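One structure is given below, encoded as structure tokens.
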Amino acid sequence: MNELQKRYPEDVAAILKKYPPEFRRSAIMPLLYLAQRQDGHVSGRSVTDIAELTGLSTTDVTSVVGFYTLFHAEAGGRYRIQVCTDLPCALRGADDFLALLQKELGISVGETTPDGMFTIEEVKCLAACHRAPMFQVQGDGDITYHEHQTVESAMQVLKGLRQQAQKSGKEAA
Amino acid sequence: MSQYLLLRHRELPDLDKLSGYRAQGGFETFKKAVNDMSPAEVLTTVKESGLRGRGGAGFPTGLKWGFIPNNLWPHYVVANADESEPGTFKDREILENNSFQFLEGLMLASFAIQANVAYIYLRGEYWQLAKQLDRQIAELEEAGLLGKDLFGSDYSLNLYTHLGAGAYICGEETALLESIEGKLGQPRLRPPFPAVAGLYGKPTVINNVETLANVPLIIANGAAWYRSFGTEKSPGTKVFSLSGNVVNPGNYELPLGTTFRELIYTHGGGIPHGRKIKAIMAAGASSTIIPASEEALDTPMDYEEPQARFNAPLGSASVIVMDETVNMAWLVSKTVNFFKHESCGKCTPCREGTFWMNRISHRLVSGNGSSADIDLLDHVAHQIQGKCLCALGEFSTMAVISGVEHFRPDFETLVGN
Amino acid sequence: MTMKMVTLRIDEHTVEVPAGTRVVDAAKKVGVDIPVFCYHPKLESVGMCRMCLVEIGRPVVDRASGKVVLEADGSPKIQMAPKLETACTTPVSDGMLVVTTSEKVAAARREVVEFILTSHPLDCPICDKGGECPLQNLTMAYGSGTSRFIFDEKMRSAKHVPLGELIYLDRERCIQCGRCVRFQHEVVDDPVLDFYQRGRALEIITRSEPGFDSVFSGNTTDICPVGALTTADFRFGARPWEMKPAASICAQCPVGCNIVYDVRREAKSSGKPVIKRVMPRQNESVNEVWICDKGRFVHHYNESAERLTQPLMRVDGELTPVSWQQALETAAAKLKEAGKGLVTLAGGRLSNEDLFNLRELTRAQGGTTLLHTHMGGGEWTRQLGLNQGSNLGSLGNGDAIVVIASDLHQEAPLWWLRVKQAAQRGATLIVLNARPTRLDAYAAHALRYQPGEAAQAVAGLMGNHKTPAAFQTAREALAGAANLVVFFGSDGLGLTGTRALAQTCADLLMQSGHYGRPNNGLVGVWQHSNDQGAWEMGYAPAADLVGSLKKAKVALLAAADPVGDEPALAKALAGADFVIVQEMFLTASAEKADLVLPVAAIPEREGSLTSGERRAQRFYPAVPAPDGVRPDYTIAAQLGQRLGLELEGRAAGLVFLRLAQSEPAFAGLSYQALSTAEEQWPIVGRRDLYFGGTTYDNNQGMGTHLQPVLKAGERPAAVAAALDTELMDAGDNLLVLPHTRLFDQGSLVRFSRLLVERVATAELRLNPATAKHFGLAEGVAASLNLNGADASVIVRMDDALPPGAAWLPRRVGVPLWAPAAAQVKVMERD
Ligand SMILES: Cc1cc2nc3c(=O)[nH]c(=O)nc-3n(C[C@H](O)[C@H](O)[C@H](O)COP(=O)(O)O)c2cc1C
Ligand code: SF4
Ligand code: FES
């Protein structure tokens, strides 16, 4: 049984509708995002489901996961804090911002907070160069930008996310 | 100056709402085109306007549309909203605040080549924008501006968004097509060009968001009107993304041919903390670094001059400004690291060359390099040139070669004596 | 079809090639080696590695007049392109000038090689590819003596990554050329390898279960231009230059792939040469440059310690070693006694020479020759089979191929590949089977029939039998075919069913006149490599083998194990006065025999085989035979001598000449004719730069087709077989249909340790609805009462199978050769 299709029948149908029927393969990226909605990474089970939906091999689906940085084969924190340290941001203090943020959270880039809530990642230009320092948050099937940041404002954002997670956790329970 | 063609939302109210956009005559042009114009007329007007692609290469837009053969069907239009060049954030503002104008441009392009389906490829990080566009497309369908047999004609059009997922290379048009087709974003061989064998092997026009956003006004006001902006060879206005060490970073819409000086000092407010300007990059990380001489500052920003004077293409017109405190070797290590991260890995010189340059520049910046490393870095960059499958490999060498050429002392400080 | 030709200059050569040819191939034609990594003549060009950069100039054309501008000396003015171009992707054009010898080109080669080496471990001394590695060769030619890349900064990655049990990946050596990935996607359509990550982190992965799940996997190790992919069988086994190649023919299926045994003397075999690996040998009319994994990895049987090396005779109820002299004398005496009571049962594994001598021997006694097979129809393939000039590789647009009752992918992988490719070139492929198979995906018409109704389906194709509308469309597609090749197999059928099927297929071909000329005719997807040869010599299966064996006074079994195959045959054989078995191993039949004569394996002797396409091909000795074994043809000749017959036993080539004199189909053929080699295009395997991988050149012969038995228009000899069909309805019992799997539990596969995991087991596959009806569930063990014996199987659900029957592989320990009705019981767990 295709779990993905079972869980999100309408989304799957809407995605497949975008592309000519003989090019179902095109649906792979939107389907991978869908697969990440639930737990933030693409599970082996989802790979099989997507392979079935697109007529690809599981190897080919995995290959796509590996190429694109917004797809994650491994579980990380619930929210991925993706700080841009590319040249324009760096000219406006992004490297220092990231260093302080790591210190504040007590983890380094690539690591996850012990409560499983946040993973810090360093990313390339996000087209917000004029509002550096900035980061985006990937999690809960969404991506949001946070610009003109200081470490203090960033910690506020994270606090908000933590509350959001607790709230949705309670609702689910 | 100040007439806005692209950033009209800055002066017109509610342009981000369908009603607001329509209040300014929005979609009347598209309606007129479908009802009263032939596709060829639309194409000719664009051709005559001299509009050039805003995605980086500055290729004449009308000429590109004209390449689409009429014996191969269906045709597709793809809007390039991948906007991933470091320092570039202009398409984002258009999409956030003036998206209907862009959509109308996309619709006119589709009509001009008689495409019934068009895709908007957005970088994955434009997640919120994709959601917004999806809503707006639904509104247009509801309003009868998209869909089957528009305005009683036999022309039908549907638009879809497609999100990338974090890969700069997908801005390269053939990699972008691969990505829509669900493959790795690796560039294709050319020829065949997308105009002949593009999306799903079918004739395809690919245009940048900003390019398309120009089209409704061109069709509405005519080619001559459009040519009243900018220069002879580079007509129109351009949104310049200004970033780095300036007082007021941001987007500035100015006629092509405006000087760096005007952008940086008049509009950008100059360099903060009373520092001196040291260098300029005009095309994001892919730039040739221009030492900020008086001559440089007085160079008009169009598709000819910076190229002719400094071998520095205007590209996407993402102007990054560096003040005197910036060590150019450090800067080069940043750009090299970017390209190493973004190389798709398909061709050897780019895959291995960016990796190698990254090792060397990292060594230099961390203080473990020697002056031989400076030459080696320069040498490897030259060795990449002329051998790659797509332009990314070439881009990766621009800052390195110009950086070593103009700012060798910055590199030497890092290796001591 | 006339091909537009293009003339161009490459360095000092002028060459004419068909339009569309890539510069790199045009250069190859005149002996100019342009180095490549990602390019392979059998794959789409991608221009990734940039190794093949050359300077290209084109004639300057005057815009106004459209004429080529001339130099003062009257030669066309050439404009050189500013940038180097990839020779592997650039098509030739008229008047083009290609320069490969300039300093600019040499510099580019040096520089690209340097780039590749920055990430490549310099471990040639321990690399399996060392000695036949394009990168090594190019490094010698263009590499610099010292590295500018700091060794400590090299990427380190895993060196021994098993992609499955068969193939290992060394990630450090991989140069990301993508040949393996493209081979798996484009050529064999098993997309189980792909890239992961990007940039310098790109690496090859597989996610299939089992890993690298493809019966063609070994080919990637040939085309990998470095030592990144190696076979578990060969890695660390030997150095290429230590080995001697011996040309041979793969004897695992009726395709007859051309191969090479690479042989080396081994201390552990007391200095005797042993087979280290099996490599493809190019034959564009048979296997191109590929072989399947069975052919590549199954070779271990001949070194088995279980080989028989001494004649054995039953003395006081025990098989006891005896001398050859004693064995032959006893056998000869028994044959003489038997007279007409001699029944020779031969397997299709035997060579043409073996079969010929055995036939002569048997005929001289007035005995009967039988072919041990579950498939009939050879009387038709003999008359309507393929002839000189046939090449599946030339079928395409306008031609048609019918494949009926065969899972070609499992039964004859290279035919599957070539039929698929013909379909991709535009040939109309019609696949008929009672169940879906992997060929359906490429078929213009994939048609289903009720289990057992294969012959009726073909009759339906001719309009002689009521069939669904889809058949009508397929019939129309067939009507206009320029050429038509029909493959028939035994999927879900037994002897009677296949015979009826062959006859109907023959009718189809005769009705449309598709025979007697190249690329037209009937091909049997036989179980053994030389079944076709046996049919050509008049061998045929017994309609009632039990009856025939029961009546035998003396049974001579060669390469046949009826006892192991079928309990009923064991009983029948027990009735024979004397049983002689010629075998490599002590098979179940040998254990029951009165006399066992040990024989040489194919790599240990000379001979020839006739492929299913009626192509006779030679094989050569690769390794010495163990002391004490003899080739089957020699044994038959030596028996003949003792019976006063003049059988040739000195050399296989001499036997073949006799065969050629005696059998019209072989008329005019000789070993010389079989060993003629023609230049193959594309050139892939020259021993210089391994342009197309380590596939061997073919210098030892492409083989040749047998003579046509019928010319176009001639009617075949009538064959009086009724269109009787097999069991199609099992009543209250379960209808169980046999099918063939590539890795079965046949006598040879079991010696290849590596293949064990891929070997088919006794799995009964059936539609869930059918399963439910019989009270079966996924994964349960069940007992089948089949043909009077009990067998245990594991039940597997398969939605893709039509309801009403179950499928079980042949040769997995259950005696099932034809459709059978079975009582099923779920086994109690204890
Ligand atoms: C490495 C690379 C990245 C690119 N990124 C973008 C991009 O993010 N957005 C864009 O519009 N064009 C980008 N381009 C240019 C496109 O390939 C293409 O030329 C452009 O979309 C054409 O549109 P235009 O004619 O309207 O400029 C990139 C090109 C290269 C080689
Ligand atoms: S130049 Fe770089 S990005 Fe372009 S194809 Fe080559 S490896 Fe890929
Ligand atoms: S790029 Fe031509 S062989 Fe690889």
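The values are calculated or read from the model by the stated rules, or taken from the named source; none is laboratory data. Keep in mind the model is a prediction, meaning the values are calculated, not measured. Here the Cβ is made from the backbone with ideal geometry for all residues, glycine too, and neighbour counts use every protein chain on show. Keep in mind that these areas ignore ligands, DNA and RNA; they rest on the heavy atoms of the full protein, side chains included. Shrake-Rupley method; radii C 1.70, N 1.55, O 1.52, S 1.80 Å.
For the reader, a short list of remarks on this structure follows.
- Leading residue by the ranking (farthest from residue B:283 (Cα to Cα)) among those in the range B:33-55 that are within 14 Å of ligand 1 (Cβ to nearest atom) and either modelled with pLDDT under 95 or among the aliphatic types (A, V, I, L, M) (or both): B:46
- Selection from the range C:114-155 of residues that are surrounded by 17 or more Cβ atoms within 10 Å (Cβ to Cβ) and within 11 Å of chain B (Cβ to nearest Cβ): C:114, C:115, C:116, C:117, C:118, C:119, C:120, C:149, C:154
- Residue satisfying all of: in the range C:77-92; under 38 Å from the mean Cα position of the chain (by Cα) and of a type outside the set (Gly, Ala, Ser); farthest from the other protein chains (Cβ to nearest Cβ) among these: C:92
- Note on the range B:166-192: residues that are open to solvent by 10 Å² or more (accessible area, probe 1.4 Å), within 11 Å of ligand 1 (Cβ to nearest atom) and over 23 Å from residue A:126 (Cβ atoms) amount to 1.
- Subset of the range B:374-386 [buried (at least 23 other Cβ atoms within 10 Å of the Cβ) and either near ligand 2 (Cβ under 8 Å from one of its atoms) or part of a loop (DSSP other than H, G, I, E, B) (or both)]: none
- Considering residues of the range C:180-209 that are touching a residue at least 40 places away in the same chain (Cβ under 8 Å) and within 22 Å of the chain's Cα centre (by Cα) only, the residue nearest to ligand 3 (Cβ to nearest atom): C:182
- Helices (runs of 4 or more DSSP H) contained in the range C:254-369 and holding at least 2 residues closer than 20 Å to residue C:620 by Cα and touching a strand residue (DSSP E or B) at 6+ places or on another chain (Cβ under 8 Å): C:293-297, C:352-365
- Single unsatisfied condition, residue B:356 versus (1) open to solvent by 10 Å² or more (accessible area, probe 1.4 Å); (2) more than 16 Å from ligand 3 (Cβ to nearest atom); (3) without any contact (Cβ under 8 Å) to a residue 60 or more places away in the chain: (1)
- In the range A:109-123, the qualifying residues are those that are hydrophobic (A, V, I, L, M, F, W, C) and in a strand (DSSP E or B), and the one that is farthest from the other protein chains (Cβ to nearest Cβ) is A:118.
- Residue within the range C:17-31 that is of a type in the set (Asp, Glu), open to solvent by 50 Å² or more (accessible area, probe 1.4 Å) and either within 14 Å of chain B (Cβ to nearest Cβ) or within 16 Å of ligand 3 (Cβ to nearest atom) (or both) present: no
- Top-ranked residue of the range A:129-169 - restricted to ones that are out of contact with any Asp or Glu (no Cβ under 8 Å at 6 or more places or on another chain) and β-branched (Val, Ile, Thr), ranked as most open to solvent (accessible area, probe 1.4 Å): A:150
- Of the residues A:104, A:122, the single one that is more than 18 Å from residue B:337 (Cβ to Cβ), outside the structural domain of residue A:16 (by TED's automatic domain parsing) and among the charged types (D, E, K, R) is A:104.
- Yes/no for residue B:92 being of a type in the set (D, E, K, R) and open to solvent by 30 Å² or more (accessible area, probe 1.4 Å): no
- Any hit, the range C:580-602, residues being closer than 30 Å to residue C:228 by Cα and either not assigned by TED's automatic domain parsing to the domain that holds residue C:135 or not acidic (Asp, Glu) (or both): no
- Filtering the range A:40-83 to residues that are in a helix (DSSP H, G or I), small (Gly, Ala, Ser) and either surrounded by fewer than 20 Cβ atoms within 10 Å (Cβ to Cβ) or within 14 Å of chain B (Cβ to nearest Cβ) (or both) leaves A:44, A:51, A:63, A:66.
- Of the listed requirements (1) free of Cβ contacts under 8 Å to residues at least 60 places away in the same chain; (2) within 16 Å of ligand 3 (Cβ to nearest atom), residue B:189 misses just one: (1).
- Residue A:113 farther than 22 Å from residue B:338 by Cα and of a type in the set (Ser, Thr, Tyr): yes
- Subset tally (residues that are in a helix (DSSP H, G or I) and within 10 Å of ligand 2 (Cβ to nearest atom)) for the range B:171-188: 2
- Only a single item in (1) within 40 Å of the chain's Cα centre (by Cα); (2) part of a helix (DSSP H, G or I) is not met by residue C:121, and it is number (2).
- Hey, residue B:396 under 21 Å from residue A:68 (Cα atoms), open to solvent by less than 10 Å² (accessible area, probe 1.4 Å), part of a helix (DSSP H, G or I) and more than 9 Å from chain C (Cβ to nearest Cβ) or not: yes
- For the residues B:70, B:98, the requirement of being away from ligand 2 (no atom under 16 Å from the Cβ) and open to solvent by 10 Å² or more (accessible area, probe 1.4 Å) singles out B:70.
- The range A:124-173 - residue that is within 12 Å of the chain's Cα centre (by Cα) and among the β-branched types (Val, Ile, Thr) and, of those, nearest to the other protein chains (Cβ to nearest Cβ): A:143
- When the range C:179-194 is filtered for residues that are buried (at least 24 other Cβ atoms within 10 Å of the Cβ) and outside any helix (DSSP H, G or I), the ones remaining, listed by number, are C:192, C:193, C:194.
- Residue match in the range B:169-181 (condition: charged (D, E, K, R), more than 16 Å from ligand 3 (Cβ to nearest atom) and away from every other protein chain (no Cβ under 11 Å)): yes
- Subset of the range B:11-62 that is aromatic (Phe, Trp, Tyr) and either within 16 Å of ligand 3 (Cβ to nearest atom) or not in a helix (DSSP H, G or I) (or both) - its residue that is farthest from the other protein chains (Cβ to nearest Cβ): B:27
- The condition of being in contact with a Phe, Trp or Tyr (Cβ under 9 Å, 6 or more places away or on another chain), under 30 Å from residue C:155 (Cβ atoms), assigned to a loop (DSSP other than H, G, I, E, B) and at the interface with another protein chain (Cβ under 9 Å from one of its Cβ atoms) holds for residue B:345.
- Single match in A:88, A:30 (criterion: within 10 Å of another protein chain (Cβ to nearest Cβ) and in contact with a Cys (Cβ under 8 Å, 6 or more places away or on another chain)): A:88
- Restricting attention to the range B:147-157 and to residues that are open to solvent by less than 10 Å² (accessible area, probe 1.4 Å) and not in a strand (DSSP E or B), the residue that is farthest from residue B:98 (Cα to Cα) turns out to be B:155.
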